[in-house]
Amino acid sequence: MKIATWNVNSLNVRLPQVKGWLEQNPVDVLCMQELKLVDERFPRQDFEDLGYQGVDSFGQPTYNGVATISRAAGRDVVRNIPGFDDAQSRVLTLTVSSEFGDLRIINAYFVNGQEPGSDKFRYKLDWLRHLHGFVAGELRQHPRLVLLGDFNITADDRDSWDPVGLKGTIHHTDEEREALRSLLALGLFDSFRQFEQPEKTFSWWDYRMLGFQKNRGLRIDYVLLSDALRPMLRACHIDRAPRKLPKPSDHAPVVVTLEGAA
DNA sequence: ATGGCATGCTGTGCATGA
């Protein structure tokens, strides 16, 4: 079973690339972020035609928006974080069936935060606190859980092209990293780091300054798995190929492979 | 030191991203 996350930076613009990628990479579940699309305009039929009967989107105009597509319909869908009043569409949670039982999948577009000390940064930390509470509750009910998406946080210095120059700037602050550590402390682990990975492997590159060509990037897209899924994890990799296409998303997809008995 | 690029909107520059 393969599960992927990809910040597509406008599904309107990127739909042909997403479809092309799915044809080459027929994953079982694809979680997308930054749709920049309302649900009424979600291209459901395009995904159904590719064999995805489960199509759940949680969009809004212009900004944010997340969607999860899967082979069979998702169940017990939750939009955003219950009890946290939020005008922005950032979290979509649902259950899918798998060969090792039900999987709870939390697809999240974490707040960017813009700049430490700003209102947006305070919103980011507040949002992270509430996400922590939500994930804790979900884990109690669903031992097999996946938390994935665009985290907008570098977990540590290995995840940044310039950890010294960017120390303390957005995506690199102690507060953000502490919030990520506290999510992991709930009983999750970073699937990417379970395998030997080339140094300077990133999932996002700035459109400006030839960021991709110079590999000036960040690893900010993650697939976290609950401890119960550790025996099933076979691979995790970041697919840079779509970033090389004309008019790419600034993010690359992250793919995990799970196998094995229940 | 700065801006650099991309997207959406009812716009014709601005807000946002990371």
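Bear in mind that the values in this text are calculations on the coordinates, not laboratory data. Remember, predicted model here, so these are calculated numbers, not experimental data. Here Cβ is always computed from backbone atoms with ideal geometry, including for glycine, and neighbour counts include all displayed protein chains.
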Checklist entry - Per q in 0.11 1/Å, what log10 I(q)/I(0) does a Debye calculation on the alpha-carbon atoms of the stretch A:78-216 return? => result -0.45
Item to check | the stretch A:199-253 - Debye-derived log10 I(q)/I(0), Cα point model, q = 0.19, 0.30 Å⁻¹ | outcome: -0.68, -1.26
Checklist entry - Karplus couplings for the stretch A:39-50 from phi (6.51 cos²θ - 1.76 cosθ + 1.60, θ = phi - 60°), rounded to Hz, Gly and Pro as x? => result 4, 4, 9, 5, x, 3, 4, 4, 7, 4, 4, 8
Checklist outcome for this item: Karplus ³J(HN,Hα) for the stretch A:68-81 (6.51 cos²θ - 1.76 cosθ + 1.60, θ = phi - 60°; Hz, whole; x = Gly/Pro) runs 10, 10, 8, 5, 10, 4, x, 10, 6, 6, 10, 9, 6, 9
Next on the checklist: How big is chain A along each principal axis, measuring the range of its Cα positions in Å and listing the largest first?
Outcome noted: 45, 42, 39
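Which net charge results for the neighbourhood of residue A:185, defined as the other residues with beta-carbon distances under 13 angstrom from its beta-carbon, given Lys and Arg at +1 and Asp and Glu at -1?
Working: positive: A:177, A:181; negative: A:178, A:190, A:227.
Residues close to residue A:185 contribute a combined charge of -1.
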Item to check | Per-selection Rg to Rh, the stretch A:1-151 - Cα, Kirkwood hydrodynamic radius | outcome: 0.96
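Rounded to the nearest 0.05, what FRET efficiency do residue A:62 and residue A:213 have when you use their Cβ-Cβ distance and R0 = 30 Å? All intermediate terms of the calculation are to be shown ahead of the outcome.
Working: r = 29 Å, r/R0 = 0.98.
For R0 = 30 Å, the calculated efficiency reads 0.55.
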Checklist entry - In whole Å, what is the distance between the alpha-carbon centres of the stretch A:37-104 and the stretch A:155-169? => result 32 Å
Checklist entry - Which whole-Hz ³J(HN,Hα) couplings does the stretch A:227-244 yield from phi under the Karplus relation 6.51 cos²θ - 1.76 cosθ + 1.60, θ = phi - 60°, glycine and proline marked x? => result 4, 5, 9, 4, x, 8, 6, 10, 7, 8, 8, 9, 9, 7, 4, x, 6, 8
Checklist outcome for this item: Env charge @ residue A:44, Cβ radius under 15 Å, K,R +1 / D,E -1, value -3
